[in-house]
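Asks: Let me begin by handing over the structure; questions about it come next.
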Amino acid sequence: MKTSSFSPFKHYNTVIIAAIASASLLITALILEYSAGLISCTLCNAQRWPHAIVLGLCLIASLPILPNIRRVLLGIISLAFATTALIGVYHASIEYGWISGPTGCSGNITGNSIEELRRQLLAQSFARCDQVAWSLFGISLAGYNFLISGVLSLICGISSLCRFSKTTL
């Protein structure tokens, strides 16, 4: 029986799952923001960047590359999912009042006079990090991001550590 350690398909499938999941989470957030009128806060926006990084890494990992490079990319993808999951649990903890949030959950306001600043403040819509904008079954979007991204981090991390092999006769 001869074993070969070259089998990119299982790692490739994990890459595809990661890309579809990240794209779905980003598209859902954008649809809720632009169609449903939800305003995203600073932490909401911070949770999106790791998903964009995942999409870029998945694009590279889907190319015909060496399996070990794909495994390393899956490890980095796992870390990106872990990053957005940690931001998500931090944000959810603020939303549910378990911890106090940052004071910087506001927009960029600049002006030369008090009247100009006042006009900008009144015209700006602010989203507060400590208020749940949307929830389902008592779980906020940040909570769902934590749950989904945490599971995806585990899947990608485990896949990156596995060396799949084909057994041939």
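Computed from the coordinates by the stated procedures, all read-outs in this text should not be read as laboratory data. Because the structure is a prediction, the values reported are computed rather than measured. In this analysis, Cβ positions are derived from the backbone assuming ideal geometry, glycine residues included, and neighbour counts consider all displayed protein chains.
Asks: Excluding Cys41 itself, what net charge comes from residues whose Cβ is under 15 Å from its Cβ, given Lys and Arg +1 and Asp and Glu -1?
Replies: On the way: positive: Arg48, Arg128; negative: Glu33, Glu95, Asp130.
Net of charged neighbours comes to -1.
Asks: What is the fewest-to-most order of Glu33, Glu95 by other Cβ atoms lying within 10 Å of their Cβ? Don't skip to the answer; put the middle values down first.
Replies: Values: Glu33 17, Glu95 22.
So the residues, fewest neighbours to most, are Glu33, Glu95.
Asks: Same structure, new question: Among 45-52, 59-66, how do they line up from the highest to the lowest mean number of other beta-carbon atoms within 10 Å?
Replies: Numbers: 45-52: 18.8, 59-66: 13.2.
Per-residue Cβ counts within 10 Å, averaged per peptide and sorted highest first, yield 45-52, 59-66.
Asks: Then there is this: From the backbone phi of region 93-101, what are the Karplus-calculated ³J(HN,Hα) couplings (6.51 cos²θ - 1.76 cosθ + 1.60, θ = phi - 60°) in whole Hz, Gly and Pro given as x?
Replies: The phi angles translate into 4, 6, 4, 8, x, 6, 9, 8, x Hz.
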